[in-house]
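Following: one structure in structure tokens, then a few remarks.
The values are calculated or read from the model by the stated rules, or taken from the named source; none is laboratory data. As the structure is a prediction and not an experimental result, all values here were calculated from the model. Cβ coordinates were reconstructed from backbone atoms using ideal geometry, including for glycine residues, and neighbour counts include every protein chain displayed. What goes into the accessible areas is simple: the full protein's heavy atoms, side chains included, and nothing from ligands, DNA or RNA. Shrake-Rupley method; radii C 1.70, N 1.55, O 1.52, S 1.80 Å.
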Amino acid sequence: MAEVRDDRVIVLVERAIPAEEIDVAALEALRKKLVAERDTGLPEERLEAIEDELVLLDVQLRIARPGAAEAAH
């Protein structure tokens, strides 16, 4: 959720990590682990949780590696 007023923007989030603190290697390792787990035939609830986590990981990776997504295209 975001609110914009004059020269201020207020953003409410569940969690936040400064870009300079993102550990790309750790995120890539976790992403690889989650993708492998996802492909093992899990219950739907766990699959949804993995997909949600993968979305967050991908966003963090895009922030940590600006320009990487554009270079891949």
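Would you calculate, for the chain, the mean residue ellipticity at 222 nm contributed by helices, counting each DSSP H stretch of 4 or more residues as -39,500 (n - 2.57) and dividing by all residues, to the nearest 500?
Values: 3 runs with 41 residues, N = 73.
That calculation yields -18000 deg cm²/dmol at 222 nm.
For the chain, the carbon plus sulfur part of the accessible surface works out to 55%, probe radius 1.4 Å. The orientation-averaged shadow of the Cα convex hull for the stretch 1-64, equal to a quarter of the hull surface, comes to 5.5 nm².
When you filter the trypsin sites (Lys or Arg not before Pro) in the stretch 1-37 for DSSP loop state and at most 14 other Cβ atoms inside 10 Å of their Cβ, you are left with Arg15. The long axis of helix 44-64 is offset from the longest Cα principal axis of the chain by roughly 50 degrees.
For the chain, the longest principal axis of the alpha carbon atoms and the long axis of helix 24-38 meet at an angle near 50°.
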